[in-house]
Amino acid sequence: MPDTSMTLEEMRQFVRNHFEEFVNRKNIDIGDVNFAPEFVDHGADVPPGLPPGPQGAKPYVGGAPKRFPTCA
């Protein structure tokens, strides 16, 4: 696990803020800031072959409204 100087509450707030921006506000560019270059999404619905880091996560999350139009 990476070493961090964040407290547990700071980590929780980071995740809340990231989800709010990335998912709810559809600000996929926040992925350039929040995802490490080696980040790999292991979700069950993630298509194979996505590159690691923001380059894989951004188009996947950005395409969610097309896959789930009632959630847009």
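Just so you know, all these numbers are worked out from the coordinates, no wet-lab data involved. Nothing here was measured: the structure is a model prediction, and the numbers come from that model. Please note: Cβ atoms are built from the backbone with ideal geometry, for glycine as well, and neighbour counts cover all protein chains shown.
Applying 1/(1 + (r/R0)^6) with r as the Cβ-Cβ distance of Met6 and Ala44 and R0 = 25 angstrom yields a FRET efficiency of 0.35. What shape does region 1-66 have by the C-alpha gyration tensor, where a ≥ b ≥ c are the square roots of the eigenvalues, rounded means a/c under 1.5, and otherwise prolate means a/b greater than b/c and oblate the rest? Cα axes put region 1-66 in the oblate bin. Derived scalar couplings between HN and Hα for region 20-30 equal 4, 6, 6, 9, 5, 8, 6, 8, 5, 5, 5 Hz in order, rounded to whole Hz, by the Karplus curve 6.51 cos²θ - 1.76 cosθ + 1.60 (θ = phi - 60°), x for Gly and Pro.
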